[in-house]
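Participant: If you scroll down you'll find the structure; I have some questions about it.
The values are calculated or read from the model by the stated rules, or taken from the named source; none is laboratory data. Nothing here was measured: the structure is a model prediction, and the numbers come from that model. With ideal geometry, Cβ positions are generated from the backbone for all residues, glycine too; neighbour counts draw on all protein chains shown.
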Amino acid sequence: MTDAPAASRSAAPAIVHRLLRADELDAFAELSRRCFGERADSIDFIRSRYTHSDGPVAHVMIAEADGRLIGSQAVTMLPFFAGGEPVAGGMFTAGMTHPDYRGRGVFRGVVDACLRFAFDQGAAFLFTMPNEESFPAFQRMRDWCCLPDRLLRALPLDPARVLRDRHVPRFIAAPIGWLANLRARRRWQRVPAGVQECAHFEPFASGLDALAHRCGAQFGGFMCRRDAAFLRWRFECNPSYRYRYFLSTGADGVDGYLVTTIERRYGTRVAHVVDWLDDGRPGVVAGLLAAAARAAREDHAGLMSLIAASGAAIEEFRAFGFRLVPRILARRGFHTAVCASPRRPEIAAVVRSAPWYLTLGDFDTI
């Protein structure tokens with residue numbers, strides 16, 4: 001957090017836009033509870049991500065009226081690669097409008113205020129992954145462009161468990177699951193010798209840093225620099241989820257990693273592939289998936305899921321057995337909106353057309 005600048009007033013004179021102060025944590029948490037109910041961010045999460053972050057610099061622009069917080073938009077400054085070159089990007093999260101003030105332009109106002117602030121701080125572009133409620137607002141904002149939706153893919157790990165969780169009788173679920181497992185289990189029976197699960201990223205920091213640099217420099221579009229510092233901040237310092245980390249190492253160091261977490265979705269336990277990165281060597285992703293799938297089954301997950309943009313290479317996921325989930329079953333879209341700084345015309349020229357390497361790891365909701 002930084003000291004708040006002088007308050008700037010929006011077109012509605014009763015609303016003030018300014019940066020959140022570190023001593024307003026409780027008020028910010030209350031705004032989250034009013035907006036999201038049981039899905040609200042915890043105090044520990046807010047501290048770790050916004051008011052007391054040990055990782056990338058984060059700022060929270062708030063809208064204040066009637067002596068209380070009525071809206072917010074956070075931006076986290078992240079190092080990126082664009083066309084193989086280092087560049088500063090900004091990740092928009094925690095966009096909220098108090099239920100009593102919706103429909104009055106509060107959200108648009110706080111987004112615009114945060115956008116101007118982020119560009120003043122040196123961000124070449126901004127990106128966000130809006131939910132179903134806020135996505136229409138970004139579609140209407142002329143400064144923002146909406147990328148094609150990220151797609152949901154799934155891999156059955158334990159069909160019998162999924163069927164039982166969906167209340168299919170055991171005498172039906174068991175034989176169907178047994179037949180489905182005959183072929184599927186071969187994928188994770190053998191984990192390559194170079195693949196291991198680790199408890200922390202620090203022992204592999206130099207290898208992860210080198211991997212992030214190799215992949216970022218080679219990628220032709222936009223990619224967050226997924227080095228060891230980013231991974232520690234994004235996953236190890238996140239108090240809301242328990243993650244499992246899998247690394248693939250070879251003679252030249254780390255050649256890939258994969259991160260998973262488990263939550264209950266679609267009526268069963270789902271192991272999400274939250275993030276991964278590999279340098280394209282044959283068999284790396286398959287080996288990581290074999291280890292992760294075996295661990296997920298040990299954690300009683302019935303499905304494994306993947307949500308990623310087209311810029312992230314997913315061919316090996318398809319070969320491993322991941323299949324596209326129809327939108328009607330996914331129940332929602334997985335959206336991305338981007339905006340380039342007018343001060344960076346070379347970025348603005350390609351931000352809409354260049355590939356984006358985006359996974360769930362590029363956001364902080366899971």
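Participant: Could we say that ALA94 is assigned to a loop (DSSP other than H, G, I, E, B), outside the structural domain of MET223 (by TED's automatic domain parsing), in contact with a Ser or Thr (Cβ under 9 Å, 6 or more places away or on another chain) and surrounded by 22 or more Cβ atoms within 10 Å (Cβ to Cβ) here? Don't jump to the end; show me each part of the working.
Facilitator: Values: assigned to a loop (DSSP other than H, G, I, E, B): no; outside the structural domain of MET223 (by TED's automatic domain parsing): yes; in contact with a Ser or Thr (Cβ under 9 Å, 6 or more places away or on another chain): yes; surrounded by 22 or more Cβ atoms within 10 Å (Cβ to Cβ): yes.
Criteria not met by ALA94.
Participant: Determine which member of the set VAL285, VAL273 is in contact with a Leu (Cβ under 7 Å, 6 or more places away or on another chain) and either crowded, with 23+ Cβ neighbours inside 10 Å or assigned to a helix (DSSP H, G or I) (or both). Working first, answer last.
Facilitator: Working: VAL285 fails: in contact with a Leu (Cβ under 7 Å, 6 or more places away or on another chain).
Exactly one residue qualifies, and that residue is VAL273.
Each row is one residue, and each column tells you yes or no for (1) in contact with a helix residue (DSSP H, G or I) (Cβ under 9 Å, 6 or more places away or on another chain); (2) among the basic types (Lys, Arg).
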{"position": "HIS213", "(1), (2)": "no, no"}
{"position": "ARG242", "(1), (2)": "no, yes"}
{"position": "ALA251", "(1), (2)": "no, no"}
{"position": "ILE262", "(1), (2)": "yes, no"}
{"position": "TYR266", "(1), (2)": "yes, no"}
{"position": "ARG297", "(1), (2)": "yes, yes"}
{"position": "ALA308", "(1), (2)": "yes, no"}
{"position": "ALA313", "(1), (2)": "yes, no"}
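Participant: Kindly evaluate MET61 against the criterion of being more than 18 Å from the chain's Cα centre (by Cα), part of a strand (DSSP E or B) and either at pLDDT 95 or above or surrounded by fewer than 20 Cβ atoms within 10 Å (Cβ to Cβ) (or both). So that I can check it myself, show each step before the final result.
Facilitator: Numbers: more than 18 Å from the chain's Cα centre (by Cα): yes; part of a strand (DSSP E or B): yes; either at pLDDT 95 or above or surrounded by fewer than 20 Cβ atoms within 10 Å (Cβ to Cβ) (or both): yes.
Considered against the rule, which asks whether it is more than 18 Å from the chain's Cα centre (by Cα), part of a strand (DSSP E or B) and either at pLDDT 95 or above or surrounded by fewer than 20 Cβ atoms within 10 Å (Cβ to Cβ) (or both), MET61 comes out as yes.
Participant: Filter region 259-308 down to residues that are small (Gly, Ala, Ser) and touching a Pro at 6+ places or on another chain (Cβ under 9 Å) and give me whichever is modelled with the lowest pLDDT. Even if it seems obvious, please write down each step before you answer.
Facilitator: Step one: filter region 259-308 for residues small (Gly, Ala, Ser), giving 267, 271, 280, 283, 286-287, 290-293, 295-296, 301-302, 305, 308.
Subsequent filtering for residues that are touching a Pro at 6+ places or on another chain (Cβ under 9 Å) retains 283, 286-287, 290-291, 302.
Values: GLY283: 92, ALA286: 93, GLY287: 95, ALA290: 95, ALA291: 96, GLY302: 89.
Restricting to residues being small (Gly, Ala, Ser) and touching a Pro at 6+ places or on another chain (Cβ under 9 Å), the top hit is GLY302.
Participant: Something else about it: Show the residue pairs that are 6+ apart or on different chains and have beta-carbon atoms under 8 Å apart, the first residue being within region 206-227 and of a type in the set (Asp, Glu), the second being in a loop (DSSP other than H, G, I, E, B) and buried (at least 18 other Cβ atoms within 10 Å of the Cβ).
Facilitator: ASP209/ASP227
Participant: State all residues of region 114-137 that are within 26 Å of VAL57 (Cα to Cα), within 18 Å of the chain's Cα centre (by Cα) and not β-branched (Val, Ile, Thr); if no residue qualifies, say none.
Facilitator: PHE125, LEU126, PHE127, MET129, PRO130, ASN131, SER134, PHE135 - these are the residues of region 114-137 that are within 26 Å of VAL57 (Cα to Cα), within 18 Å of the chain's Cα centre (by Cα) and not β-branched (Val, Ile, Thr).
Participant: Looking only at region 104-135, filter to residues that are at pLDDT 95 or above and polar (S, T, N, Q); which one of those is nearest to LEU358 (Cα to Cα)?
Facilitator: The extreme case among them is THR128.
Participant: Among the numbered criteria (1) closer than 24 Å to GLY283 by Cβ; (2) surrounded by fewer than 22 Cβ atoms within 10 Å (Cβ to Cβ); (3) touching a residue at least 12 places away in the same chain (Cβ under 8 Å), which one does PRO203 miss?
Facilitator: Here PRO203 meets the rest and fails (3).
Participant: Moving to a separate point now. May I ask you to say which residue of ALA330, ALA293 is touching a residue at least 12 places away in the same chain (Cβ under 8 Å) and over 30 Å from ARG140 (Cβ atoms)? Walk me through how you get there before you give the answer.
Facilitator: Numbers: ALA330 fails: over 30 Å from ARG140 (Cβ atoms).
ALA293 is the lone residue from the list that is touching a residue at least 12 places away in the same chain (Cβ under 8 Å) and over 30 Å from ARG140 (Cβ atoms).
Participant: Next question. Does ALA312 satisfy the condition of being in a strand (DSSP E or B) and of a type in the set (A, V, I, L, M)?
Facilitator: Working: in a strand (DSSP E or B): no; of a type in the set (A, V, I, L, M): yes.
In short, no.
Participant: Now a separate question. Can you tell which of PHE36, PHE81 is within 22 Å of the chain's Cα centre (by Cα), modelled with pLDDT of 95 or more and among the aromatic types (Phe, Trp, Tyr)? Explain how you work it out, then say what you get.
Facilitator: On the way: PHE36 fails: modelled with pLDDT of 95 or more.
Residue meeting the stated conditions: PHE81.
Participant: Same structure, new question: When you check ARG104 against the structure, is it outside any strand (DSSP E or B), of a type in the set (Lys, Arg) and more than 20 Å from the chain's Cα centre (by Cα), yes or no?
Facilitator: yes
Participant: Give me a count of the residues in region 347-366 that are closer than 20 Å to PHE117 by Cα and either without any contact (Cβ under 8 Å) to a residue 12 or more places away in the chain or outside any loop (DSSP other than H, G, I, E, B) (or both).
Facilitator: 2
Participant: Say we look at region 239-264 and pick out the residues that are outside any strand (DSSP E or B) and in contact with a strand residue (DSSP E or B) (Cβ under 9 Å, 6 or more places away or on another chain); which of these is surrounded by the fewest Cβ atoms within 10 Å (Cβ to Cβ)? It would help to see each step written out before you state the result.
Facilitator: Residues of region 239-264 that are outside any strand (DSSP E or B), as a first pass: 239-242, 251-252.
Now drop any that are not in contact with a strand residue (DSSP E or B) (Cβ under 9 Å, 6 or more places away or on another chain), which leaves 241-242.
Numbers: TYR241: 14, ARG242: 12.
Out of the qualifying residues, it is ARG242.
Residue-by-condition table, conditions (1) touching a Gly at 6+ places or on another chain (Cβ under 8 Å); (2) within 26 Å of GLN121 (Cβ to Cβ); (3) in the same structural domain as GLN139 (by TED's automatic domain parsing):
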position	(1), (2), (3)
HIS272	no, no, no
LEU288	yes, no, no
ARG294	no, no, no
ARG297	no, no, no
LEU306	no, no, no
ALA309	no, yes, no
ALA340	no, yes, no
ARG344	no, yes, no
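Participant: Could you please let me know if SER53 is touching a residue at least 24 places away in the same chain (Cβ under 8 Å), assigned by TED's automatic domain parsing to the domain that holds ALA29, surrounded by fewer than 23 Cβ atoms within 10 Å (Cβ to Cβ) and polar (S, T, N, Q)?
Facilitator: yes
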